[in-house]
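Inspection log for the structure reproduced underneath, given as structure tokens.
The values are calculated or read from the model by the stated rules, or taken from the named source; none is laboratory data. These numbers were taken from a predicted model, which means no experiment stands behind them. Please note: Cβ atoms are built from the backbone with ideal geometry, for glycine as well, and neighbour counts cover all protein chains shown. What goes into the accessible areas is simple: the full protein's heavy atoms, side chains included, and nothing from ligands, DNA or RNA. Shrake-Rupley method; radii C 1.70, N 1.55, O 1.52, S 1.80 Å.
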Amino acid sequence: MNKVLKFPPGFLWGTATSAYQVEGGNKNDWWAWAYKKTPVFILKMEKKVSKAGKACDHYNRYEEDFDLAKSLNQNAHRFSIEWSRIEPEEGKFNLEELNHYRSVIQALKKRNIIPFVTLHHFSNPIWFHKKGSWLNKNSSDYFKRYVEFVMKNLKEEVNFWITINEPLFYAFWSPVLEKAYLRSKWPNPLDMFRAIKNLIQAHKKAYEVIHKFGSKDVKIGITSFYTYNEPYQNKLINRGLAWIGDYFLNKYFLNRIKAHQDFLGLDYYHHYLIKFDLFRLASIFNMSADKELSDMGWGIYPKGIYHVLKELQKYQKPVYILENGLADARDEKRAKFIADHLYWIHKAIEEGGDIRGYFHWSLIDNFEWDKGFWPKFGLIEIDYKTLKRKPRPSAFYYAEICKNNQLIFNS
Ligand code: BGC
């Protein structure tokens, strides 16, 4: 039976990207890492490290990409400003690059697409990296200085700002890897907490700066990689581990910036099934326990987004889902993935959740960090030889939802 699920008037329908993954030609710490000799343990993980190179050349083709987004009925778009372009050398700011992003913002607005701008999406200038990156005790002040430059120039151009993408996940993952990659040694686990402390400060300082220079309507948040942690068979030990995971992975950062955010940005991809096993400690947090998996082996668990949205209600802030998607080269699962997640999002709205937008990851195929180009997250396929863009069937399916502000759900 078909059910028509209407979304609230003014609901935002969009897609998201990040600079290093789509622009091409960026020289930041990821670029430096890819050109270094690959350490052995990474070789085991991924066989070889790819280089982003010219990626999707979105830096030059953003107008074409936004035309496509418009033709697919999207009314919002999230992208990031690349810090290493704006401040390629310490304290030396590049106005030309800043004006490039002004043109990107204007290109969106001209098409009636609302821009959501991220100021930090996993990549740093090389000079910042050389100073120890987010482990440097002054890192939050360096970030603040960059944000000040951006805000003094862009002022009222943008209403929605994301200071830092998934800071907690990034701190778990990136400084640890950075140290290992670039200095070729294993890091001290305490580094992670030092990085988190600095990222919290960086967010708070950026929040003040954006409110100081931005328009009166400006709204600021972070995005959280927030997972639903499900204890296997509801056993006590699994419940305890799920609670610990939930506290550190989901709530630790958010609880510390409560007074410094105007909305919550949610990135939801998968859930964890938590099962304690003394002999398989590495798989206690299992992200592949579902029947359906994406090309990257991540479980597909749409109901998880409902649980997460219910939990986020306690923060009493509007929520924007700023990333949700899957790697699916054959586009066999994407349309159903979108429908099933939207079904649960709609249920959370019906039950009183203040959820104001959905941004699919991603508008176009792109460079997936340590994995390279093989995971295909795009509604639009990129032929990396010709850089031709071609919407996949699921892009048209999503376009219908965006156009009608409703989901026709086949239950
Ligand atoms: C990141 C994206 C990434 C996506 C898929 C998110 O956590 O923000 O940059 O491409 O996950 O792995």
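Modelled spin-label separation between Trp127 and Glu400, with each label point placed 7 Å from Cα along the Cα-to-Cβ direction: 5.3 nm.
Could you tell me the calculated FRET efficiency between Leu278 and Lys258, based on Cβ-Cβ distance and R0 = 35 angstrom, to the nearest 0.05?
Values: r = 37 Å, r/R0 = 1.06.
Calculated value: 0.40.
Fully extending the segment from Asn153 to Phe409 would add 87.7 nm, taking 0.36 nm per residue of separation and subtracting the current Cα-Cα distance. Mind checking Rg over Rh on segment 1-157, alpha carbons, Kirkwood formula for Rh? Looking at segment 1-157, the ratio lands at 1.04.
Distances between every pair of Cα atoms in the chain, grouped in 10 Å steps from 0 to the bin holding the largest one, split as 5, 22, 34, 28, 10, 1, 0 percent. Here's how it looks for His360: its modeled amide H is under 5 Å from those of Gly14, Thr15, Ala16, which are all 5 or more places away or on a different chain. Straightening the chain between Lys385 and Ser215 buys 57.0 nm, computed as 0.36 nm per residue apart minus the Cα-Cα spacing. Here the dipole of the chain is about 640 debye; that uses its Cα centre as origin and unit charges on the Cβ of Lys and Arg (positive) and Asp and Glu (negative). Think of segment 262-400 as having a plus end and a minus end, set by charges on the Cβ of Lys, Arg, Asp and Glu; of Ile305, Ser288, Tyr269, Ser288 sits farthest toward the positive end of this dipole.
Let me know the volume per residue of the alpha-carbon convex hull for segment 308-411, in Å³. Don't skip to the answer; put the middle values down first.
Details: hull volume 12.2 nm³, N = 104.
That works out to 117 Å³ per residue.
From the Cα trace of segment 204-311, what convex hull volume per residue do you get, rounded to a whole Å³? Present the calculation step by step, with values, prior to reporting the outcome.
Details: hull volume 14.8 nm³, N = 108.
That works out to 137 Å³ per residue.
Only helices at least 27 Å long along their axis, Cα-based, and averaging -1.0 or more on Kyte-Doolittle count here, so list those DSSP H runs from the chain. The answer, listed by residue number, is 190-213.
Rolling a 1.4 Å probe over the heavy atoms of the protein chains gives segment 314-362 an accessible area of 36 Å² per residue.
Rounded to the nearest 500, what is the 222 nm mean residue ellipticity of the chain from helices alone, with -39500 (n - 2.57) per DSSP H run of 4+ residues and division by all residues?
Working: 15 runs with 167 residues, N = 411.
Counting only the DSSP helices, I get -12500 deg cm²/dmol.
May I ask you to order 71-79, 277-285, 158-166 by the average number of other C-beta atoms within 10 Å around their residues, highest value first?
Working: 71-79: 22.6, 277-285: 10.7, 158-166: 24.3.
By packing density, highest mean first, the sequence is 158-166, 71-79, 277-285.
Name the most mobile residue of Tyr59, Tyr272, Tyr384, meaning the one with the largest mean-square fluctuation, in a Gaussian network model of the chain with Cα contacts below 10 Å. Of Tyr59, Tyr272, Tyr384, the Gaussian network model singles out Tyr384 as fluctuating most. Remark on segment 215-266: ratio of C-alpha radius of gyration to 2.2 N^0.38 Å is 1.49. Across the accessible surface of the chain, with the other protein chains kept in place and a 1.4 Å probe, carbon and sulfur atoms take up 54 percent.
The modelled label-to-label distance for the pair Lys347/Glu332, using points 7 Å beyond Cα in the direction of Cβ, is 2.6 nm.
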